[in-house]
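Below is one structure, written out as structure tokens; comments come after it.
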Amino acid sequence: DGDTHFALARFRPNGSLDPDFGGGDGRVTTDLGGTDYAFDVAIGSNGRIVVAGERDRPSGTLMAVAAYGPRGVLDRDFSKDGIAFVGFDKEFQGANAVAVGANDKIVLGGSTSNGETSRWALARLRPNGSRDRDFGGDGRVTVDLTESDEQINDLAIVAGGKVVAVGSAESG
């Protein structure tokens, strides 16, 4: 339809698409209601597939996350429709990275921007898709490293639930 959607596919060990995934052809696309970009995927301990990225609209962007069951069907136990969005009270934000902890809490990493400078942005969601208010007081954290553009490109959750993030910070 001319829009960009989240897309995922599952492959067999020999590289062929797995017909047991998605609609029988090994593929799934999900329309999040804008121009949608998926940038990372993680698998939870319960087999849930979590895809992170952003939804773009003329009014700005939001971090976007979709949760699927092991067969590629949206998980309706996650945010009632399988899709959640996180904003940081700025015009632009997106998630480049996702990790799922041992407790199935989801951590998103990316950036938030007012259109001139960007900052590292992290959000943690509960398994049901709601923001985890034990993380940063409202489920969101921003980090200001430099005076210019910054973004998280990958993250991992280590022992004790600590989050390690890696990315870039432009200086000068």
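Observations
- Selection status of Val158, within 27 Å of Glu116 (Cβ to Cβ), open to solvent by 60 Å² or more (accessible area, probe 1.4 Å) and of a type in the set (A, V, I, L, M, F, W, C): no
- Checked against (1) farther than 30 Å from Ala165 by Cα; (2) in contact with a Ser or Thr (Cβ under 7 Å, 6 or more places away or on another chain); (3) of a type outside the set (A, V, I, L, M), Asp18 meets all criteria but (2).
- The range 32-84 - residue that is closer than 20 Å to Phe11 by Cα and of a type in the set (Ser, Thr, Tyr) and, of those, surrounded by the fewest Cβ atoms within 10 Å (Cβ to Cβ): Ser45
- Enumerated strands (runs of 3 or more DSSP E) restricted to the range 54-172, each holding at least 1 residues that are among the small types (Gly, Ala, Ser): 60-68, 83-86, 92-100, 106-113, 118-125, 150-157, 163-169
- Annotation: of all residues in the range 1-17 being at pLDDT 95 or above and within 24 Å of the chain's Cα centre (by Cα), the one that is surrounded by the fewest Cβ atoms within 10 Å (Cβ to Cβ) is Phe11.
- The single condition from (1) among the small types (Gly, Ala, Ser); (2) under 17 Å from the mean Cα position of the chain (by Cα); (3) open to solvent by 50 Å² or more (accessible area, probe 1.4 Å) that Gly101 fails is (3).
- Of the residues making up the range 18-31, those that are open to solvent by 50 Å² or more (accessible area, probe 1.4 Å) and under 26 Å from Asp154 (Cβ atoms) number 2.
The values are calculated or read from the model by the stated rules, or taken from the named source; none is laboratory data. Values in this document were obtained by computation on a predicted structure and should not be read as measured data. Note that we place each Cβ from the backbone using ideal geometry, even for glycine, and neighbour counts take in every protein chain shown. All accessible areas refer to the heavy atoms of the entire protein, side chains included, with ligands and DNA or RNA removed. Shrake-Rupley method; radii C 1.70, N 1.55, O 1.52, S 1.80 Å.
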